[in-house]
Amino acid sequence: MAIIFLNQSECPICKKTLEKGQDIVLFPPFTSDKNHKFYLFNDEGVHRSCLQKTKIGIEALQFLETKFPIQKNPTQNGQD
């Protein structure tokens, strides 16, 4: 998963700082191919709102959810 430093790391889309309290999507390091469609997001933190504003961002979110689904902690036993 991406390592970000709040108040220092930048969103690769808007170039604004990722700050505490913002909805930030973390992408894992999924490719070393600089020609990959979603390379811009490789091992990066991105504002969810930035992703949702563009077609490529929406596609990247779908890619993330499909290729790297979030697993529930088995100790939660269905409790959130």
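The values are calculated or read from the model by the stated rules, or taken from the named source; none is laboratory data. Please read all numbers here as calculations on a predicted model, not as lab measurements. Glycine gets a Cβ as well: all are built from the backbone with ideal geometry, and neighbour counts include every protein chain shown. Only protein heavy atoms, including side chains, enter the accessible area calculation; ligands, DNA and RNA are left aside. Shrake-Rupley method; radii C 1.70, N 1.55, O 1.52, S 1.80 Å.
One table, with the values for the structure above:
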| quantity | calculated |
| --- | --- |
| Condition check for Gln8: modelled with pLDDT of 95 or more, in contact with a Ser or Thr (Cβ under 9 Å, 6 or more places away or on another chain), exposed (fewer than 12 other Cβ atoms within 10 Å of the Cβ) and not aliphatic (A, V, I, L, M) | yes |
| Subset tally (residues that are in contact (Cβ under 8 Å) with a residue 24 or more places away in the chain and assigned to a loop (DSSP other than H, G, I, E, B)) for the stretch 4-28 | 12 |
| Answer residue from the stretch 33-53, given it is touching a helix residue (DSSP H, G or I) at 6+ places or on another chain (Cβ under 9 Å) and either assigned to a loop (DSSP other than H, G, I, E, B) or hydroxyl-bearing (Ser, Thr, Tyr) (or both) and is nearest to Pro69 (Cα to Cα) among those | Phe38 |
| Residue under evaluation Pro28, criteria (1) within 19 Å of Glu10 (Cα to Cα); (2) modelled with pLDDT of 95 or more, criterion not met | (2) |
| Flag if Phe63 is within 12 Å of the chain's Cα centre (by Cα), outside any helix (DSSP H, G or I) and more than 17 Å from Leu6 (Cα to Cα) | no |
| Residue match in the stretch 19-34 (condition: of a type in the set (D, E, K, R), in contact with an Asp or Glu (Cβ under 8 Å, 6 or more places away or on another chain) and open to solvent by 50 Å² or more (accessible area, probe 1.4 Å)) | no |
| Lys16 being charged (D, E, K, R), under 16 Å from Lys67 (Cα atoms) and open to solvent by 30 Å² or more (accessible area, probe 1.4 Å) | no |
| Tabulated pairs, the stretch 43-72, first among the charged types (D, E, K, R), second open to solvent by 80 Å² or more (accessible area, probe 1.4 Å), C-beta under 7 angstrom, 6+ apart or interchain | Asp43/Pro29; Arg48/Asp23 |
